[in-house]
Amino acid sequence: MSAAAPAAPGLASSTLSMVRLASLRTLRGRKLRVAAIAAFVVILFPAVVALVGDDDPVGVVKSGIDWGFFRLLVFLLPLLFASGAIGEEVEARTLHFLAMRPVPRASIALGKYLVGTAASLAILWVGLLLLHGVGYAATPTLMIDQLGETARAGAAASLLLATYSAIALFWGTIVPEAGGMLTVVWLGFIEWFGMLLPGVLRFASMSHFARELGGLERAGWDPVELLGETVVRVPDVELWICATVVASEWLLVLALTLLIMHTAQLRFGKA
């Protein structure tokens, strides 16, 4: 009686194997160093301002979080780590080798997503804590008192970063050769420009909801003065609704990406 063939690896074990492989590539590659340099540049200006003795360290730190993290790093890191994650495998022809193994194809995308998002979150939090420490270095009392506000902003930025990473991976899976370009277009027009729109149009941008969660001032032109009265064009939304909206888009886009990865034929052009 012949022995039964071993069962094919499940999604969890296959994803874990892909995580190990992607982790080694990330640690040895250039992306991590580029991301670290970008984070350093982001915190450099507010850190210098704080060190020269600014009278408003709270304002300096919040401004650094706003412009450096919510308007730059949360857009840059997914573009760097996630948009080309599938494309680089397709271009190098390594995806064909991985797909021929008896593992769920979705585990390839999921493993690379987890590693890329983890690397992005690590860069984000290290930079955020450095900004907080340097910004309040001259005022230890504020460093303790404002830690909760910084952590709140960091949690909101983390949720937004995970969502943007899923969006970047989605476009990189649909069109591997142009994932970066499509990610830039989507994040630039829908997310960046969208958070500046008036009224409920701003609800198209997950950045708007994340800024509300993080306790940041609204971007764009709200509130405005009209005939001597303050008019807020964007309706207020409960924080739990903001969190639900962003988390729902995150999970929906990630699930759709894994489904596409499981069924699509991925290749560059006619190759």
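The values are calculated or read from the model by the stated rules, or taken from the named source; none is laboratory data. Since the structure is predicted, the reported quantities are computational estimates derived from the model, not experimental observations. Note: ideal-geometry Cβ built from the backbone for every residue, glycine included; neighbour counts use all protein chains shown.
Looking for something surrounded by 23 or more Cβ atoms within 10 Å (Cβ to Cβ) and modelled with pLDDT under 90 - is there at least one such residue anywhere in region 181-204? For region 181-204, residues surrounded by 23 or more Cβ atoms within 10 Å (Cβ to Cβ) and modelled with pLDDT under 90: absent. Scanning region 117-161 for residues that are of a type in the set (Gly, Ala, Ser) and not in a helix (DSSP H, G or I) yields ALA137, ALA138. Criterion applied to LEU77, LEU24 was being more than 26 Å from ALA138 (Cβ to Cβ) and surrounded by 23 or more Cβ atoms within 10 Å (Cβ to Cβ), and the one residue passing it is LEU77. One residue alone among SER165, SER120 is closer than 30 Å to PRO57 by Cα and in contact (Cβ under 8 Å) with a residue 60 or more places away in the chain, and that residue is SER120. Residue-level analysis places THR163 outside the set of residues that are closer than 16 Å to PRO78 by Cβ, touching a Ser or Thr at 6+ places or on another chain (Cβ under 7 Å) and β-branched (Val, Ile, Thr).
Among residues of region 117-146 being farther than 18 Å from PHE70 by Cβ and modelled with pLDDT of 95 or more, the one that is surrounded by the most Cβ atoms within 10 Å (Cβ to Cβ) is ALA119.
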